[in-house]
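Enquirer: Got a structure for you, questions after.
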Amino acid sequence: MTSNHPANEPVLSYAPGSEEREKLQMELRNQMETIIEIPCIINGEEIYTGNTVQQVLPHNHGHILANVHLAGKDEMEAACISAVNAQKNWIEIGLEERCAIFEKCADMLSGEWRMKINASTMLNQSKTCFQAEIDSACELIDFWRFNCHYARGFHDYLQPLVSPKGVENSTEIRPLEGFILAITPFNFSSIAANLPSAPAIVGCTAVWKPSRNSYYSNYLLMRLMMDAGLPKGVINFVPGSGELITDVALSNPDFAGVHFTGSTSVFQGLWQRIGEKLPIMKGYPRIVGETGGKDFIVAHPNCDERGLIVALIRGAFEFQGQKCSAASRAYIPNSVWNSISDELCAELSKIKIGDVVDFSNFMTAVIDKRAFEKITGYIERARDDPNCQIISGGNYNNETGWFIEPTIILTSNPKSETMVEEIFGPVLTIYIYDDDKFVDILELCDKSSPYALTGSIFATNEHDINTAFNALRFSAGNFYINDKPTGAAVAQQPFGGARASGTNDKAGGPLNLLRWISPRSVKRANDIPQSWTYSFMD
Ligand code: NAD
């Protein structure tokens, strides 16, 4: 049976002896041998400002990957103007041509660009080959292919249902008028490229401000889009200060919206600043933001214990816990804890941490010095807290790279700091509860944190699963039953959370794309009225 939608990109295994493993290792060696210069790209032109910062390997911070030329105020102003000027032609080439470009991007990334982009993500953001493969290859290919599919779909879906005799009704799917500011996070190359390109598929143009910790991989993705035929000015790449680009963009009346992924505090600040600038704006800007999480796993006494151990390890520690969806608090019943704690700690002791080029490592380094200090601060405060006990890990070393062991804290206080705040590192805090307090624990889980991004329930009995499903309705935008709370796939589990976790506009589903359109309703009269009087007047 053939389906009328794209398929998810298959994940390559990189198993020993595989062709992809050999190619990737060769690409890693190549990229480590050179230091590249990264320009701003405005209206298709490379701009080397001379005001540079270095990109280093987080797992070997003495090794330089690139010098990045930062955009100043002039470049940022030029980027906004370039995006505005590019929009007319970009709209007029139509949806099919726009999709053809992004589908070509997907094909190139699936083929000859795959190793280049994966290697750059491994080196720049310190990901294992598997973490890079599911992010910078598969998820981004899926974003591009499925977003084109969704955009085509709602062109039909949004047409008016009724056109009475003598009248032709239609809806033009216009993009927002003006430019979109895409402010992107370090932790997923796929999200970084998706934030400017999703609005572009439906006819918007964008200014893309990448994170200072992913300039290198993001720049290569910009080059890929240009090689695929993206017209000049549709996406403008401006590495530089978030504060400054926000000031510049919000001083431009053509600012049409922001597509943001990052931390909650930055997003809240952005929203406030947009509100203040409303009087000078041409329209009401769209504000779409996916932000932080304090993602949970709740286990029931009757759960699958081995499945729970695997979910805790993968959910909390893959990519060093630097996923917005990473499991960072767990509620485990006494009986289950007594049965699994030794095995969990034994498994954790097998985890290897180190350089991304050694494929036997399960974890590598956290992203930078600031993250290292923030995460280790949480560990040290927990060490000093009489309610907390570090039962596994807790050590760290920053000599060569920013390495932190996978750390488990046991707490007797369900509101202790590491049970409620986003840490964004390899730290999992566990609260043990009495077996008969399952319903109370669901309420505690719901009320303990301002975030509501992802969460899992582990239980075998359908009644208990349902109890959790209802009690945790608003506690997570992505809810998992008997699985880890990470690893959402495009077109399978559209991603996003509410409360302090964002606007829940679901990247990887049609809803996100709908935020970038502003339809025009068109009525065409074929029987043109010839009399101004009505029959009731006769
Ligand atoms: P961050 O908030 O530090 O940075 C995100 C982006 O905002 C970067 O490009 C940064 O330069 C920019 N920025 C920082 N300060 C700014 C300011 N004052 N004005 C304008 N822009 C500014 O986040 P990060 O460290 O890159 O990413 C980690 C965060 O992202 C975590 O909180 C994580 O939960 C969240 N995240 C959420 C999702 C999701 O889908 N909900 C996905 C990935 C990451």
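The values are calculated or read from the model by the stated rules, or taken from the named source; none is laboratory data. Every value quoted in this text rests on a predicted model; they were computed, and no experiment measured them. We place every Cβ from the backbone using ideal geometry, glycine too, and count neighbours over all the protein chains shown.
Enquirer: Contact list please: Cβ distance under 9 Å, first residue in segment 515-532 and farther than 16 Å from E172 by Cα, second residue not in a strand (DSSP E or B), pairs at least six apart or on different chains.
Expert: Matching pairs, first to second residue: A525/G166; N526/K165; N526/G166; D527/K165; D527/G166; I528/G166.
Enquirer: If I filter segment 262-301 down to residues being among the hydrophobic types (A, V, I, L, M, F, W, C) and assigned to a helix (DSSP H, G or I), which single residue comes out as surrounded by the most Cβ atoms within 10 Å (Cβ to Cβ)?
Expert: Taking the candidates together, the pick is F267.
Enquirer: Tell me which of these I367 doesn't satisfy, since it passes every other one: (1) free of Cβ contacts under 8 Å to residues at least 40 places away in the same chain; (2) buried (at least 22 other Cβ atoms within 10 Å of the Cβ).
Expert: Among (1) free of Cβ contacts under 8 Å to residues at least 40 places away in the same chain; (2) buried (at least 22 other Cβ atoms within 10 Å of the Cβ), the lone unmet condition for I367 is (1).
Enquirer: In segment 493-526, what residues are over 23 Å from K447 (Cβ atoms), assigned to a loop (DSSP other than H, G, I, E, B) and either modelled with pLDDT under 95 or within 15 Å of the ligand (Cβ to nearest atom) (or both)?
Expert: Listed by number, the residues that qualify are Q493, P494, D505, K506, G508, G509, R515.
Enquirer: Could you give me the residue pairs with C-beta distances under 7 Å whose first residue belongs to segment 492-506 and is acidic (D, E), whose second residue is in a loop (DSSP other than H, G, I, E, B) and within 11 Å of the ligand (Cβ to nearest atom) wherever it lies, and which are 6+ apart or on separate chains?
Expert: Correct list of pairs: D505/G496.
Enquirer: Another question, then. Looking at G321, G293, G289 in this structure, which one is within 16 Å of the ligand (Cβ to nearest atom), within 21 Å of the chain's Cα centre (by Cα), modelled with pLDDT of 95 or more and closer than 23 Å to S412 by Cβ?
Expert: G321
Enquirer: Here is a follow-up. Where in segment 143-258 are there strands (runs of 3 or more DSSP E), lying fully within it, with 1 or more residues that are under 23 Å from Q54 (Cβ atoms)?
Expert: The qualifying strands (runs of 3 or more DSSP E) are 179-183, 205-209, 235-237.
Enquirer: Check segment 362-372 and report whether any residue there is assigned to a helix (DSSP H, G or I) and farther than 25 Å from P450 by Cα.
Expert: yes
Enquirer: Shifting gears a bit: Only residues that are among the hydrophobic types (A, V, I, L, M, F, W, C) and touching a strand residue (DSSP E or B) at 6+ places or on another chain (Cβ under 6 Å): list them for segment 490-515, please.
Expert: The answer is F495, A498, A500, A507.
Enquirer: Which of the strands (runs of 3 or more DSSP E) contained wholly in segment 1-111 include at least 2 residues that are touching a Ser or Thr at 6+ places or on another chain (Cβ under 6 Å) and either of a type in the set (A, V, I, L, M, F, W, C) or modelled with pLDDT of 95 or more (or both)?
Expert: The strands (runs of 3 or more DSSP E) meeting that bar are 60-69.
Enquirer: Also, quick follow-up: Might you let me know whether segment 449-458 holds any residue that is part of a strand (DSSP E or B), farther than 27 Å from C345 by Cα and within 15 Å of the ligand (Cβ to nearest atom)?
Expert: yes
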